[in-house]
Structure formats: C-alpha cells, structure tokens
Amino acid sequence: FNKKKTKKMKCAIMQPSYFPWSGYFNLISKSNKFVFLNDAQYSKGSWHSRNVIIANNKQHTLTVPTKKSSLSTTIMNKLIDNSTNWQKKHTKIIMQAYSNHPFIDDLLQLIEFFEKLKFQNLSELNIEIIKFISKKMNLKTKFFYSNNFDLTNKRTTKVLQILNRINATVYLSPEGSKKYLKEDRFEELTDIKLLFNDYQSIKYYQKNQKKFIENLSIIDVIANLGWINTETYVKQK
C-alpha cells in the first residue's frame, strides 16, 4: 500500500477550454490537484476553441481561429491562426457586450491580461486564462499537465495512470464522463474513490436579461457579479 496515499487527495482531470463556464471552475475549487488533459485529441467545434457570452441580448459564440491540421492533432499541438488580430476582435465584442455591466472594472482586469497573451498554441492560451481566473478567485488548487506524464494509453487506463502518478485517493469527474468510466469498470480497476460532480448552473443576476441564460462563459459571471461574488458563486456545492 502506497503510504503517500494515506492523506485524502482529491483530483480532477479536464481538457483545457476557452474561457470556460462556471462548472469548470467549480471542479477546480473542489480539487487538491487539477490536471489539464492537454494531450487529448482536439475536437473541432468543441469548447477547446470557443465559448458563449451574451451580446445584444442574445447568445454569441467567441471562437479562436485555428490552423487546419490532421484529425489526430492534440490540443497542445493545435495551432492558433494569428494571421488576423482575432484577440482585438474578441475584446471589442466583449467590451461592447458588457461595458454597462456592474463589474466592468473587474472584467477589464481579465481582458487586459488576455490582450497581452501571445501564443501559437491553443492549450497554452486556454491554460493561462484558466490559471489567471483561478488565481483571482483564490483557488488554491495545484495544476499539472498530462503531457508531462508521457503516457500513450487512452480513456480510463490513462486517467488511472495520471491519478496514480499524482497520488490521488479520490477522482472527481464531471457527470459527462460517467458513461465511459462505468463501461471501462473504473471502480473495479482501482481503490481510488470515484465521485461525480453534478454541478448545475444556479441563477445569478444578468443585466438586461428577462430570462436567465445558463452555462455561459465565466466572462458573463464576472461582468455581473465581480471577482468576490464570482468566487462565492463558483465554490457553491
């Protein structure tokens, strides 16, 4: 028995997303260690390169332009198409959408940080944004990168290898992974406790919205609630 595992160590593993929703940060807040699954396969049209805000009272998708690549390309090897000033465009859309919101000054801190980022690589961009937001919300979680473990296995086998490397005793998984973890018999293969994070987007004040729009990018939460209240909102059980 591994003596390092006697202390409870709750861990989560997620692919790096672009300006993720509050549920992503809720998962980080509940974890002692959080692994960015940056060597997972890039998926076109996924949250890897896009997210949704409210602009002109309707949902608007912000998409990072990427260069064409083979289907097997990983998120860490997916290149951003920087031939246009897309960051300036995203900043303009965000500022037009939220300039009259109660916590625009808090959101400006994030936007100013975002504007200065210069990356060729999608996962690095996403990870820097996520880490900045996590720091602003006082999340004390320790971050790791899956590519540093140099693993070739897939699905549950890979997850288990990562969890063993970081001495996890509890694996906190998003609900969306339940099907494949059950299919792969996760709980029969390890003594690591499996928990599912059934996070639901709780209503918060959204300026100018008669009907609450859920599961938007964290950008919307920050603009409406500010850093302090967003921290409280994200840490809800």
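Key figures for this structure:
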| item | result |
| --- | --- |
| In the stretch 186-235, residue farthest from residue 59 (Cα to Cα) [restricted to those that are of a type in the set (S, T, N, Q) and open to solvent by 60 Å² or more (accessible area, probe 1.4 Å)] | 232 |
| Residues of the stretch 74-95 that turn out to be surrounded by 12 or more Cβ atoms within 10 Å (Cβ to Cβ) and touching a residue at least 24 places away in the same chain (Cβ under 8 Å), as a count | 13 |
| Number of positions in the stretch 106-124 that are touching a residue at least 24 places away in the same chain (Cβ under 8 Å), open to solvent by 20 Å² or more (accessible area, probe 1.4 Å) and closer than 16 Å to residue 220 by Cα | 2 |
| Of residues in the stretch 158-185 being basic (Lys, Arg) and surrounded by 14 or more Cβ atoms within 10 Å (Cβ to Cβ), the one modelled with the lowest pLDDT | 178 |
| Number of the exception - residue 139 against (1) open to solvent by 30 Å² or more (accessible area, probe 1.4 Å); (2) within 19 Å of the chain's Cα centre (by Cα); (3) of a type outside the set (Gly, Ala, Ser) | (1) |
| All strands (runs of 3 or more DSSP E) inside the stretch 22-73 with 1 or more residues being open to solvent by less than 70 Å² (accessible area, probe 1.4 Å) and farther than 20 Å from residue 93 by Cα | 33-36 |
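The values are calculated or read from the model by the stated rules, or taken from the named source; none is laboratory data. In this text, all values refer to a predicted model and were calculated from it rather than measured experimentally. Virtual Cβ from ideal backbone geometry, glycine too; neighbours counted across all protein chains shown. These area figures cover heavy atoms from the full protein model, side chains too; ligands, DNA and RNA do not enter into them. Shrake-Rupley method; radii C 1.70, N 1.55, O 1.52, S 1.80 Å.
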